[in-house]
Amino acid sequence: MTHTQSGQELKDAGCALVLEHTPERWVADFEQQAAALLKANGSFTAEEVVTLIGQPPNHTNAIGAVCRTFVKRNGLTGSYEPAKSPTAHGRIITRWSMTTF
């Protein structure tokens, strides 16, 4: 019997692949800046982090992969808002914050 991968499994595999080729320095910079924004403002978007540290040197998919890893590790929750960058054409992005009950 063949196993068909779920969408989540494919996403996980894609994230793992792009992370293998993302320089550790850029990953560390992203995580450090995301943590600093979270501490200072209570939230952050990947767009805000990338504005401060620059695009990843390998592929833009690294942004989502690194952010997703950071979010999972820190148990963050997301809300949605339009991107601020004109080049994003108003697409909806996630603002990450600590879980509050």
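Values for this structure:
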read-out	value
Residues (surrounded by 10 or more Cβ atoms within 10 Å (Cβ to Cβ), hydrophobic (A, V, I, L, M, F, W, C) and in a loop (DSSP other than H, G, I, E, B)) located in the range 56-101	Ala83
All positions within the range 1-37 that are modelled with pLDDT of 95 or more and either of a type in the set (Gly, Ala, Ser) or closer than 22 Å to Arg91 by Cα (or both)	Ala28, Phe30, Ala34, Ala35, Ala36, Leu37
Members of the range 38-55 found to be under 20 Å from Glu24 (Cα atoms), loosely packed, with under 15 Cβ neighbours inside 10 Å and either of a type in the set (Lys, Arg) or touching a Ser or Thr at 6+ places or on another chain (Cβ under 8 Å) (or both), listed by number	Thr51
Extreme residue, farthest from the chain's Cα centre (by Cα), among residues of the range 59-84 that are closer than 19 Å to Asp29 by Cβ and polar (S, T, N, Q)	Asn74
Residue list for the range 1-15, restricted to those being free of Cβ contacts under 8 Å to residues at least 40 places away in the same chain and either part of a helix (DSSP H, G or I) or among the acidic types (Asp, Glu) (or both)	Gly7, Gln8, Glu9, Leu10, Lys11, Asp12, Ala13
Positions within the range 17-54 being outside any helix (DSSP H, G or I), of a type in the set (S, T, N, Q) and either over 15 Å from the mean Cα position of the chain (by Cα) or farther than 18 Å from Tyr80 by Cβ (or both), in sequence order	Thr22
Matching residues, the range 1-54, being in contact with a helix residue (DSSP H, G or I) (Cβ under 7 Å, 6 or more places away or on another chain) and polar (S, T, N, Q)	Thr22, Gln33
From Thr51, Thr99, Thr87, Thr94, residue being touching a residue at least 40 places away in the same chain (Cβ under 8 Å) and β-branched (Val, Ile, Thr)	Thr94
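The values are calculated or read from the model by the stated rules, or taken from the named source; none is laboratory data. Everything numeric here is computed off the predicted structure, so don't read it as measured data. Counting neighbours? That spans all protein chains shown, and the Cβs are built from the backbone with ideal geometry, glycine included.
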